[in-house]
Every structure is written in structure tokens, then in C-alpha cells.
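Data first, discussion second: the structure below is written as C-alpha cells.
Here, each number is a calculation from the coordinates, and none is a lab measurement. Since this is a predicted model, take the numbers as computed values, not measurements. All Cβ positions, even for glycine, are placed from backbone atoms using ideal geometry, and neighbour counts span all protein chains on display.
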Amino acid sequence: MTNRLPAQAGIGLRTPHFTDVLALRPNVAWLEVHSENFFAPGGDSRRVIDAVAERYPISLHGVGLSLGSSDALNQAHLAKLKALADRIGPAAISEHLCWSSIGGRYLNDLLPLPYSEEALTNVCDKISQAQDVLGRRLMIENVSSYIRFAGETMTEWEFLAEVARRADCDILLDVNNIYVSASNHGFAALEFLNAIPAERVGEIHLAGHETDAADETAEVGESSDDDFLIDTHSRPVCDAVWALYIKALERLGPRPTLIEWDTDIPALSVLLAEAAKAQVLLDAAHLQASHGPLVRAA
Amino acid sequence: MARSSALRELQSRFYAAMMSGADGQACAELGESLTGEPPRQRRRLAAYRRNVLGNLCAALMTSYPVVTCVVGPAFFREAARHYIVAHPSESGDLNDYGATFPGFIADYPPAAELPYLADVAHLEWAVQTLRNAADVAPVNFTQLANIAPERYGDLRFAVDSRCVRLDSAWPIAEIWRVNQPDYTGDMAVDFSSAERVLAGIHRGPLSIDVLGIAAAVFFDALSAQLSLAEAAQAALNKDESFNFGPVLQTWIGSGLLRSASLAEP
């Protein structure tokens, strides 16, 4: 089964917006949810997902499968994901290129992998196992990171492209995460973007981030001149990330694009306004795809 | 087997660094595997640590809003920090985290002055579990029509699985009630009253009822598959004025009792 998300703007459906979305049925092309929040066998969350799935294409976005862990794949978690997918028939299913557990203990965060052959083999094996159980391709998302590991043998974009090739999975390209990691590690975001196999990109994520300012948060023994970016999903998408998104659309053509907002969640109208901005750019990309460039480069 | 792998070693060190102090040995050991200078490594790892502990703490606060309300967010965060290190998350679904928190709170020395807190936490976990419980088939009492009234004493009832009975030496239902976000009444609670609580979603919305001692015995006996006659006798032994008829009707009417039969358990 392939990705059936429309190449339009969508929004992440979070708990504070359940009532509004069910009542107002906002005009947005699709919705994304965190898969785990709908694993419960009953209750309100189940009623909500069943109701929205009747109305919108749904993208199931997992945060807990821990595909990059050296532990065996958590089959119970995967079975819950499959049960949810079988019930609602999502347009797409995605997970992260990260790990979050070791020795059966979970940190419940999207933690970075070392870009090594061992980590690559491991994560490709887990993705293949998950895809076999789910009976469809997963989209795998690049995460933000604040640290890099010594002795890495490839760049993040080489690692991601190779994962897609070896595991035969699709890519969920998080443009904000590219920007955050490029800033934190000093690489060129465009180099990352240009190395991604365009035909594999099934969805794009946009979100807001914040600066962790050293003069405010550094504690004893930490560097006091190290400002870096944290992937908080707590704010509007910044201008630099919109600019990178435009570059991504130029290179990839129009792709389903999601506005993520997970902390300090604003009114639904604010979220929809962000999605409308992405939709304008997507409309232009659709026109360009069917008619050629609207404006010739000088 | 991957047990001796570099990846496994790295992830184990990372886990230890998250669960120990930012300036501790575990961070220094992980630092050997990171690029950059140690002060910068510590700062970046501290960001991960804040995230990890913050996410787990937020999950606990979501499941235990009344406990949070009673002790205040600062006290709760400190308790959560100790709990997270001692009781790691074992699921990739944060909604699963915190089942053992009531037991932890019972033995958490700084909360010793609030002896009711663990029981309140038990009630909150029960509430969370009930709210996510699977739907059940509609109630069916049609078989009662075929049973002669003189055999009613032999009836055994199926109790809705979506309910929880809790006994506490404290008024936990009352504490729960006055700490709900939409509650605007008197906050005074009589802490001298023990409560026998029945929480359930058999009516649809969550209900938290306080039972009298005879009604609690009656319910527990029916739940344990004793016959109606046996359950009524157990309740009458506690309170000879107990009138089980209206109670039984209420429980059947509300869907708490789902079916009846003459079959032996």
C-alpha cells in the first residue's frame, strides 16, 4: 500500500483541539496524529479518531517504536500500531530515525543515532520488520539533534538516504529539523536537502523551534557561550525555515506538508493560519509543476 | 547477538547519563563518545535530560492531576524526578507510564504528612484506566424473564468490567471531587471519614460513588460470583437494616450489573 496523503497542507491534531475539530470540521486537507495517543482500546480518544478518520485522510505519526534501538523491536507496540491502522485505514504511517529505549527501559524521547554502519544495519532491519508486519511502507523522519557522536562514518543525509534505499522505505522530511541540526552542527542545510532522493519524500514537516541561550540556561560546568537550537514545536515556523521549505518545494515539487505544534499549543485558528501559509506555497508549487516556472530566474 | 555491540554500549551510556546528574560520572563516560569539548557536551546533554525528565513528568501530571493539585507542581516535579529514576518507563507509549506511582508515593518520605495521597493516586490511575477501557456489548437481562421468581436467590450476576472498587481510610472520592478543574464549591473535606469507593463508566460518563459498608460487601460478593442470596446475607451480616432490593434495581438500571444466570460459577 502506498502513501495516499494529498499534496496539500495538513495540521497535527492534538488533544486541546479535539472538540473544535469535531465541531467545526475545518477546511484542511488532512490530519496527522501521534499514533500512540490512539492506542487505547476505548474511550474518548477512540471516538475522536474514528470520527475524524471518516472525514479526513489521516497520517499516523509514531513517536515510540524506537526503531534505532539495539533492543529487539517491540512487537507489542507494533501490534497496537497495526490494530489502529487496520481499524482506521490511514493514508500514511510514519516513524522517526531515532531510538528511545535500551534494555527495555524507555526515555520516551527522539534520541539521535550515531551515523555508523552498525546503526544503519540495525535500523534498516527494524524498519523492514515493521513494514513486513504493517504490510506497507513506512515514512521515516529525520530528527533534530544537539550532539554528535565521535567516529561517525557518514553524514546524516547520507545515512537517511541509505536507510531509504536499503529498507525500501519513504522519507518524512522535517525541514525544521534540518535547519535546527544544521545550525547546531554547522553544516549547510541545502547540502542535506539536495542529497535526499526526491522520489522517496512522502511528506514534509514544518514547526517552530527555540534558542537555548547559554546566558540563561547554562549551569555550573557547562559551556556558557554555546547558544543552540531546540526543537520545541512551540512557536510559529520561522522565516529561515519557510525559506528552506520553498527550496524543498523547488527541488521536490509539491508534497503533503504538516504544521506541527506540540507545546504552548495555540488556538485552532492560529494553527490553521500557519497551514494556510504552507498551502499558498503548495498552490504555487502545483502551478509550477503543471505549467513550468511562473517567474523566470533573472 | 548484538549484546556486545558499540551501538548497545553507546545507548546504555546515554541512558545512564539521562538518569544521573548532569555533572556525574555517567555524563563523563558518555562524553568520551561525543564530539566537542566537555563543557559544551554537558550543556547539550542537559537539554536532552530536561526533555526526557520533562516529558515523563508531564505524563505523570496528566495521569495524576489531583495529586499534582494537592501537593503543588514544584513538589510533584521533585517527587516525579525520584520516581522516574527508580521506576523507568517500560513502554513507547507515554500514556502507559506511572502505574506504580501510587505505591511509590506511599513510601515517599516527603509525602508522609499526606497519608491519603497514595490512595488518591490509586483512584486517579483507576480513573485513567477506566477512561480508556474498551467498549462492552449492551446489557442483556432478557433471560430473567424465563426464571421463576422463587429461584432469584440463586442468581449470579456479571458485573461490568469497567469499574473499580477501592477502600480507603480517607475520603478519597471527596478529595478527588473538590480538586476537579470545574469544581467551585467549598474546599473543606472531613478527613475523618473512611470511604468505600466504586468508580466506573457503566453509565457512560465516569461516575465515582461512595458506598455504605453493607452495599460495599453486597457488591464485592456479587463481583466474586456469589449468589444473590449469599451476597444479600453477607450484606445483612454487616447491617441488618440493609435493603438490597432498591440497590440491586439501581445497579441493574445503571448497567453496573450486565446479566444474570442460574449457572454455577
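Please order B:227, A:35, B:89 by the number of other Cβ within 10 Å, starting at the fewest.
Ranking B:227, A:35, B:89 by Cβ neighbours within 10 Å, fewest first, gives B:227, B:89, A:35.
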Taking placed amide H atoms and a strict 5 Å upper bound, the residues 5 or more places from residue A:228 or on another chain that come that close are A:212, A:214
Nearest-0.05 FRET efficiency for residue B:112 and residue B:85 at R0 = 30 Å, using Cβ-Cβ distance, is 0.90
Pairwise over distinct Cα atoms, reciprocal of the mean inverse distance: report the Kirkwood radius of the protein assembly as shown in Å, one decimal place. 26.4
Over all residues in A:97-103, what is the mean tally of Cβ atoms on other chains that come within 10 Å of each residue's Cβ? 4
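Assuming a ≥ b ≥ c are the square roots of the Cα gyration tensor eigenvalues, decide whether chain B counts as rounded (a/c under 1.5), prolate (otherwise, with a/b larger than b/c) or oblate.
Prolate, because a/c is 1.5 or more and a/b exceeds b/c.
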Using the Cα centre of the protein assembly as shown as the reference point, and only Cβ charges (+1 on K/R, -1 on D/E), how large is the resulting charge dipole? Debye, rounded to the nearest 20. 1380
Of the beta bridges DSSP finds with both residues in region A:9-291, what % are antiparallel, to the nearest 5? 20
Karplus (6.51, -1.76, 1.60) ³J(HN,Hα), θ = phi - 60°, over region B:132-148, in Hz, Gly and Pro reported as x: 9, 5, 5, 5, 10, 5, x, 4, 9, 10, 4, 5, 4, 4, 8, 9, 5
Which peptide among A:206-213, B:238-245 comes first, and what is the full order, when sorted by highest mean count of other Cβ atoms within 10 Å? A:206-213, B:238-245
Count, for each residue of A:144-154, the Cβ atoms from other chains sitting within 10 Å of its Cβ, then give me the mean as a whole number. 4
With charges set only on the Cβ (+1 for Lys and Arg, -1 for Asp and Glu), what does the dipole of chain B come to about its Cα centre, in debye to the nearest 20? 1120
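Note down the net charge around residue B:99, summing +1 for each Lys or Arg and -1 for each Asp or Glu among other residues with Cβ under 13 Å from its Cβ.
-4
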Reduced to Cα centres, the span from region B:107-175 to region A:64-84 in Å works out to 32
Regarding chain A, what whole-number volume in Å³ per residue does the convex hull of its Cα atoms give? 152
Given charges of +1 on the Cβ of Lys and Arg and -1 on the Cβ of Asp and Glu, with all other atoms neutral, how large is the dipole of region A:9-291 about its Cα centre, in debye to the nearest 20? 1440
Just to check I understand the Karplus step: with θ = phi - 60° and J = 6.51 cos²θ - 1.76 cosθ + 1.60, what whole-Hz values come out for region A:218-224, glycine and proline as x? 5, 10, 3, x, 9, 5, 9
In whole Hz and in residue order, list the ³J(HN,Hα) couplings for region A:273-281 that follow from phi through the Karplus curve 6.51 cos²θ - 1.76 cosθ + 1.60, θ = phi - 60°; x for Gly and Pro. 5, 5, 5, 5, 4, 5, 5, 4, 5
Mean other chain Cβ within 10 Å across A:50-62 is 0
The alpha-carbon center of region B:1-63 and that of region B:200-258 are separated, in whole Å, by 51
Of all chymotrypsin sites (Phe, Trp or Tyr not before Pro) in region A:163-266, the ones in DSSP coil with at most 16 other Cβ atoms within 10 Å are A:187
Using a/c under 1.5 as the rounded threshold, could you call region B:1-68 rounded, prolate or oblate? The axes a ≥ b ≥ c are square roots of the C-alpha gyration tensor eigenvalues, and prolate needs a/b larger than b/c, oblate otherwise. oblate
Proximal aspartates and glutamates to residue A:82, defined as alpha-carbon separation beneath 14 angstrom and excluding residues fewer than eight positions away on the same chain: A:36, A:95, A:132
Other-chain or far-sequence residues with amide H under 5 Å of residue B:170's (modelled H): B:195
Given the C-alpha centroids of region A:253-296 and region A:1-61, what is the distance between them in whole angstrom? 18
Most positive-pole-ward Cα, A:98, A:52, A:110, against dipole of region A:12-170 from beta carbon charges: A:52
Under 5 Å between amide H atoms, partner at least 5 residues away or on a different chain: which partners does residue A:257 have, H built in plane at 1.01 Å? A:8, A:9, A:10, A:204
